[in-house]
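I have placed the structure first, in the form of structure tokens, so that the comments after it can refer back to it.
The values are calculated or read from the model by the stated rules, or taken from the named source; none is laboratory data. Quick caveat, the model's predicted, so the values are computed rather than measured. Every residue, glycine among them, receives a Cβ derived from its backbone with ideal geometry; neighbour counts consider all protein chains shown.
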Amino acid sequence: MSFADFETGIARFNDVLCTLNVLAWDSRTMMPAGGIEGRSHQIATLTGIARDMATGEAMARAIESARTELEGVGPDDLRLRAVETAAAGIAQLSRLPADLVRESAELKTRAQAAWVEARAADDFAAFAPWLERTVAMQRTIAEALGYDSHPYDPLVAMYEPDMSWERLRTLFSGLRKELAPLLEAARNDPPARTDVLERRFPIDRQKAFSREIAARFGYDFERGRLDDTAHPFEISFTRGDVRITGRFRETWLPGGLFAVWHEVGHGTYEQGIDPAFTRSAFACDFLNLYAVGGASFGTHESQSRLWENRVARSHRFWELNYDALRSTFSDELADVSLDDFWRAVNAPRPNLIRVEADELTYDFHIMLRAEIEAGLMAGEIAVADLPAIWAERMRTDLGVEVPNDADGVLQDVHWSSGMIGSFPTYTIGNIMSAQFFRAAAANANVADGLETGDYAPLRAWLRENVHRHGRSRSPNALLEAATGQSLSTEAYIGELEDKVARLTA
Ligand code: ZN
């Protein structure tokens, strides 16, 4: 047994995780409905194999002998860091007994089916018992993982290491205070004409335009594909095969375009990871049994939001690209000026639905969900009270009346799939995206490129400072090394202030 055995063991483990990703991609893009039953067995079996490989005797021995072989090397040695990353991840995974993992997977399948029906029937009471069971299950998982101060902490840390409810609460209260006046200012302005985006925009032309920009942003189609799906996502099989997906609607132009560029941000991250990390511990999320190169969910989201919001929703971007869009849709956009278009794709639209929210309202949707999750985990909020809490907060935060639970508390799939703790990573991603973007734009080549529409320097900066490191650095270490700061809302609020100033000018 040696370090080479450790590397081989991890490489085989990573192969299984990547194969699981292929199955997941297929089930969300190509698989006919008849495949569901068989596929769920295949995924459960392979997940069990991956878990056994990670937590088995052979891996434990390989880790021990690798440690012995590497005795005396410095703490920054990448081999040692790979061993310690794997050991820490596997220790966490081992805290979840196999029975608990199986019960949790079974509950997820049944709770999700109940959620689909309850949502279709607008019947929260039908879903409530399933949510209660899910909360109890997640509390058991939190107890198994262990925590110091709050039962929500280990669930959040599954998606965002370094993060706790205490830190999130501080972050959120600052954000709420700073976002509220911005939203108020933007809402007082005469509303933008978003109806011009609801004309008929042929989907083949939407796709062609989004692909052209995706390639200019640096998504490598030789090492990736764009396919159709119901809920867009990105998933990687190896560094050389990183898939993105999109969904286009003929009568809502920005939906399809910006979703592709969002996934392009995820995809360029995965494509940009150091090839040396292929099949290594730095391409494995051990706790979630997921093959991924990005440092955390929040870090990943920072890359998608950066391209979607910081670049593609900027005025400069459309100064450079609106002519091309207008020649793609010459009839549809004939009477829409550059400025009208930019306003329309940036207009604040306080709205019931999280996934349709704009930049100024999005984080309110997240903060509501995170506060509910923390309250449920601490036993301070009862499931039965959720519709009332939801309606109250949508009214006070966004001035929106909730007409039914289907478009309120039942709108997201997350809780039915046991994903309590993942919502905060969207807001963390928003905040980080502005920090990375500001640090990148301080580089003269990057700034020049943004002015002229050459995105190669920005992509190169991100590759050098973020992408290539994969999971070899913690999210916070990565952020501090790249920007000189830990997580801070200052850059994000600055970006939004600039946007509101321009929108209301
Ligand atoms: Zn995303």
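Assorted remarks:
- HIS231 being assigned to a loop (DSSP other than H, G, I, E, B), within 16 Å of the ligand (Cβ to nearest atom) and not charged (D, E, K, R): yes
- For first residues located in the range 228-242 and small (Gly, Ala, Ser), partners that are within 13 Å of the ligand (Cβ to nearest atom) and lie 6+ apart or on another chain with Cβ distances below 6 Å form the pairs SER236/GLU270.
- Qualifying residue in the range 360-368 (condition: farther than 15 Å from LEU168 by Cα, assigned to a helix (DSSP H, G or I) and either of a type outside the set (A, V, I, L, M, F, W, C) or touching a His at 6+ places or on another chain (Cβ under 7 Å) (or both)): yes
- Given (1) within 15 Å of the ligand (Cβ to nearest atom); (2) among the aliphatic types (A, V, I, L, M); (3) touching a helix residue (DSSP H, G or I) at 6+ places or on another chain (Cβ under 6 Å); (4) under 15 Å from GLU308 (Cβ atoms), number of the condition VAL242 does not satisfy: (4)
- From the list ILE366, ILE353, ILE372, the lone residue that is in the same structural domain as LEU171 (by the TED database), surrounded by fewer than 18 Cβ atoms within 10 Å (Cβ to Cβ), in contact (Cβ under 8 Å) with a residue 12 or more places away in the chain and of a type in the set (Val, Ile, Thr) is ILE353.
To keep it simple, each residue is scored yes or no on (1) touching a strand residue (DSSP E or B) at 6+ places or on another chain (Cβ under 6 Å); (2) free of Cβ contacts under 8 Å to residues at least 12 places away in the same chain; (3) over 19 Å from PRO154 (Cα atoms); (4) crowded, with 19+ Cβ neighbours inside 10 Å.
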| residue | (1), (2), (3), (4) |
| --- | --- |
| GLY56 | no, yes, yes, no |
| ARG61 | no, no, yes, no |
| VAL73 | no, yes, yes, no |
| GLU84 | no, yes, yes, no |
| LEU96 | no, no, no, no |
| THR109 | no, no, yes, no |
| GLN112 | no, no, yes, no |
| PHE124 | no, no, yes, yes |
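- Qualifying residue in the range 272-279 (condition: in contact with a strand residue (DSSP E or B) (Cβ under 9 Å, 6 or more places away or on another chain), of a type in the set (D, E, K, R) and away from the ligand (no atom under 14 Å from the Cβ)): yes
- Residues that are polar (S, T, N, Q) and within 13 Å of the chain's Cα centre (by Cα) within the range 300-328 comprise SER302, GLN303, SER304, listed in sequence order.
- Taken across the range 429-446, residues that are modelled with pLDDT of 95 or more and closer than 25 Å to GLU84 by Cβ do occur, with at least one present.
- Within the range 415-442, residues that are within 18 Å of GLY375 (Cα to Cα) sit with their Cβ atoms under 6 Å from residues that are of a type in the set (S, T, N, Q) and crowded, with 24+ Cβ neighbours inside 10 Å, at 6+ positions apart or across chains, in these pairs: GLY418/THR134; ILE420/GLN138.
- Candidate set from the range 289-326 (those that are assigned to a helix (DSSP H, G or I) and of a type in the set (Phe, Trp, Tyr)); member that is nearest to the ligand (Cβ to nearest atom): PHE297
- From the options ALA11, ALA50, residue that is in a helix (DSSP H, G or I), over 30 Å from ALA230 (Cβ atoms) and modelled with pLDDT of 95 or more: ALA11
- Qualifying residue in the range 57-78 (condition: more than 19 Å from GLY146 (Cβ to Cβ) and under 27 Å from the mean Cα position of the chain (by Cα)): yes
- Taking the range 245-262 as the range and being outside any helix (DSSP H, G or I) and over 14 Å from GLU308 (Cα atoms) as the test, the residues that pass are THR245, ARG247, PHE248, ARG249, GLU250, THR251, TRP252.
- Selection within the range 243-258 - within 16 Å of the chain's Cα centre (by Cα) and without any contact (Cβ under 8 Å) to a residue 40 or more places away in the chain: ILE244, GLY246
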